[in-house]
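Beneath this line is the structure, given in structure tokens, with notes to follow.
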Amino acid sequence: MPIEVCELPGGGHGWRWGKSGKCYATKEQAGKQAEAAYANGYAGDRLALDKGPGRFIDQDGHMHVPESNISKATVNGYYGAEIPGFEALGLKADRLYQLLRDPKELERSAESFNGKPLLNVHKAQKAETHSKDLTVGAVYNVKFDHPYLKAELVIWPKDAVEGVETEEQHEISCGYGYRPDMTPGEYEGVKYDGVMRDIVGNHVILTEKGRAGPDVVVGDSK
């Protein structure tokens, strides 16, 4: 795709790679984004196959990811207001609590993520209110391989494919329900305030920065 003129968010003209890339102040910055995309295997309208277990783009432009980390057994911070039933648990809405995604709980949740939608923003999904405009793909063949929850992904729209290729939106975050067990403990040397129990998958999203960390990304041959 060519580098073309675009309008900067604050006004004035800039440069971007393709129709959906980020608008940069200089042509050189846009060129670096293009270089990164091609280095990661982007091949425009051609069939692109990464060596080994990497992602590929089919003849219709859809991206297939044979294996990607979608979640991780780890301790992350959540504000009280984000925790289900926080008031009944006596938690403070504005306090940060450290919660463990226990590996055994994550392993038990794997099947519940199969067939769930891949979105571009977090929004709980139900069949009767499904967000067609937010759906960019699907998740399947989910399995647990300590410490990661892994899955195959398919990504359909061009802008979402380009977001992965340019690494603007290639990290992953899961949306799920769980039962908070506010029993404190320690996991791999990190103290936590509670554990996520009975995890049930609802959706997965592509995002610029996921809570699970930079190792939970759309997989490639690297």
| said: Take the residues in the range 177-203 that are in a strand (DSSP E or B), among the charged types (D, E, K, R) and within 17 Å of residue 88 (Cα to Cα); name whichever of them is farthest from the chain's Cα centre (by Cα). | reply: 181
| field | Residues that are under 17 Å from residue 62 (Cα atoms) and touching a Phe, Trp or Tyr at 6+ places or on another chain (Cβ under 6 Å), drawn from the range 140-180 | value | 152, 165
| request: Kindly list, by first and then second residue, each pair from a residue in the range 87-101 that is polar (S, T, N, Q) to a residue that is surrounded by 14 or more Cβ atoms within 10 Å (Cβ to Cβ), limited to pairs with Cβ atoms under 7 Å and residues at least 6 apart or on different chains. | output: 98/75; 98/192; 98/193
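I need the full set of residues from the range 79-115 which are open to solvent by less than 20 Å² (accessible area, probe 1.4 Å) and under 21 Å from residue 187 (Cα atoms), in order please.
Quick first cut of the range 79-115, residues open to solvent by less than 20 Å² (accessible area, probe 1.4 Å) only: 80, 83, 97, 99-101, 105-106, 109-110, 113.
Within the range 79-115, 80, 83, 97, 99, 100, 101, 105, 106, 109, 110 qualify.
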| query | Looking at the range 152-168, which of its residues are in contact with a strand residue (DSSP E or B) (Cβ under 6 Å, 6 or more places away or on another chain) and open to solvent by less than 60 Å² (accessible area, probe 1.4 Å)? | reply | 152, 153, 154, 155, 157, 160, 161
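The values are calculated or read from the model by the stated rules, or taken from the named source; none is laboratory data. Owing to the predicted nature of the structure, the values given are computational and were not obtained by experimental measurement. Because the Cβ atoms are built from the backbone with ideal geometry, glycine has one as well, and the counts that use them run over all protein chains shown. Only protein heavy atoms, including side chains, enter the accessible area calculation; ligands, DNA and RNA are left aside. Shrake-Rupley method; radii C 1.70, N 1.55, O 1.52, S 1.80 Å.
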